[in-house]
Amino acid sequence: MNTTVKLKLGTRRSPLAMAQAEETRARLCKAHGWDESAVELVPVIASGDKVQDRPLSEIGGKALWTKELDQWLAEGAIDASVHSLKDVETVRPEAFTLAAILPRADKRDRLVGASSISQLKPGAVVGTSAPRRAAQLLHQRPDCSVVMFRGNVATRLSKLAAGEADATFLAAAGLERLGEHGVGHALDPAGWLPAPAQGAIAVECRANDAETRELLAAIDHEPSRAEVTAERALLLALGGNCHSAIAVRCDWEEGELAMEAALYSPDGTQMVQGEARFTAEDTEAPARLAHDLLSRASTAIRSHFAGE
């Protein structure tokens with residue numbers, strides 16, 4: 001017997017995005033006692049997936065991951081969108097709301113091609129399109145060079161296998177969700193910070209859709225929401241963009257948040273870092289840390305931020 005579709009979830013069509021949408025559907029069905037057929041997945045090819053030969057910062061930034069889903073959501077073609085939150089713009093349309101943040105997965109990056117940054121061969125060529133990863137690498141290993149790598153996990157691994165670079169970085173959470181548990185080596189967060197909201201899946205719906213908001217609230221994870229809300233607040237206060245090298249990690253510890261952040265010049269030669277500990281209710285704490293970082297940052301760093 002067919003179950004009536006209760007929710008239509010929009011998602012990008014990439015293998016990782018589909019895996020994240022499947023996880024969201026499974027959590028919703030478990031929370032509400034639904035059959036799997038109650039939640040329909042509606043895939044779209046995002047603009048960011050269509051252009052793979054240029055850095056994201058040159059072709060429109062993070063909005064390229066969201067604009068098609070935003071249009072469908074606004075038109076009512078879908079009830080909600082599933083996103084990798086690190087790929088979602090800090091400022092979103094007021095018509096939408098992040099109704100659920102799923103339990104956050106591993107926040108770390110994994111290095112593929114060497115067991116650690118220090119173990120990269122002298123003068124190694126490393127593939128990445130992320131300013132954060134490039135700057136952190138060059139800060140620790142100025143002898144290395146960076147080439148642009150874009151594409152999904154399989155594409156980047158195939159580029160590596162073809163010899164286009166000696167190593168590359170991938171998010172541990174994405175590899176886990178694809179079942180690629182043995183790929184690469186996790187980088188110690190004490191020496192290598194992730195991107196804001198890395199490892200977090202967000203589910204967004206229309207702000208005036210009370211019924212969908214209530215359904216999605218059942219899978220919202222409070223500690224994960226607190227972490228990523230603080231990280232995105234830091235990003236907003238910094239005024240960062242796709243060119244800015246921002247690394248941050250926020251950990252929920254018994255109702256308090258411990259945040260560590262670092263800003264880099266694009267070439268990695270300049271770095272400023274700071275830490276803060278605050279309650280989840282202290283919504284101004286991330287901005288205070290942002291302003292502290294900018295006040296101590298060199299001109300080479302501050303020129304890539306607008307949050308002064």
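The numbers here are math on the coordinates, done by the rules we state, and not lab data. Computed from a predicted structure; not experimentally measured. Methodologically, a virtual Cβ is constructed for each residue, glycine included, from the backbone with ideal geometry; neighbour enumeration extends over all protein chains shown.
For a footprinting-style exposure proxy, rank GLU68, GLU40, GLU227, GLU214 by other Cβ within 10 Å, fewest first.
Ordered by Cβ neighbours within 10 Å, fewest first: GLU214, GLU40, GLU68, GLU227.
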Open item on the list: Taking a cut-off of 16 Å, what percent of all Cα-Cα pairs in the stretch 112-186 are separated by more than that?
Closed with: 45 percent
Open item on the list: Taking the 0 to 90 degree range and rounding to the nearest ten, how far is the long axis of helix 15-32 tilted relative to the main principal axis of the chain, both from C-alpha atoms?
Closed with: 40 degrees
Open item on the list: Just to confirm the number: angle between the C-alpha axis of helix 285-296 and the first principal axis of the chain, 0 to 90 degrees, nearest 10?
Closed with: 20 degrees
Open item on the list: Step by step: find N for the stretch 232-302, compute 2.2 N^0.38 Å, then divide the Cα radius of gyration by it. What's the final number?
Closed with: 1.09
Task: Amide H partners (placed H, <5 Å) of ALA207, local residues excluded - done: PHE96, THR97
Open item on the list: Using only Cα atoms and rounding to the nearest 10 degrees, what angle (0 to 90) does helix 63-75 make with the longest principal axis of the chain?
Closed with: 10 degrees
- [ ] Take the Cβ-Cβ distance between LEU236 and ALA114 as r, set R0 to 35 Å, and report the resulting FRET efficiency rounded to the nearest 0.05.
- [x] 0.50
- [ ] In debye, nearest 20, what is the charge dipole magnitude of the chain about its Cα centre with +1 on Lys and Arg Cβ and -1 on Asp and Glu Cβ, if you could check?
- [x] 880 debye
- [ ] Identify which of the listed values of volume of the Cα convex hull per residue in Å³ was calculated from the structure shown: [x] 167; [y] 233; [z] 133.
- [x] [z]
Open item on the list: If I take every Cα pair under 8 Å that is 6 or more residues apart in the chain, average their sequence separation and divide by the length, what percent do I get for the relative contact order?
Closed with: 20 percent
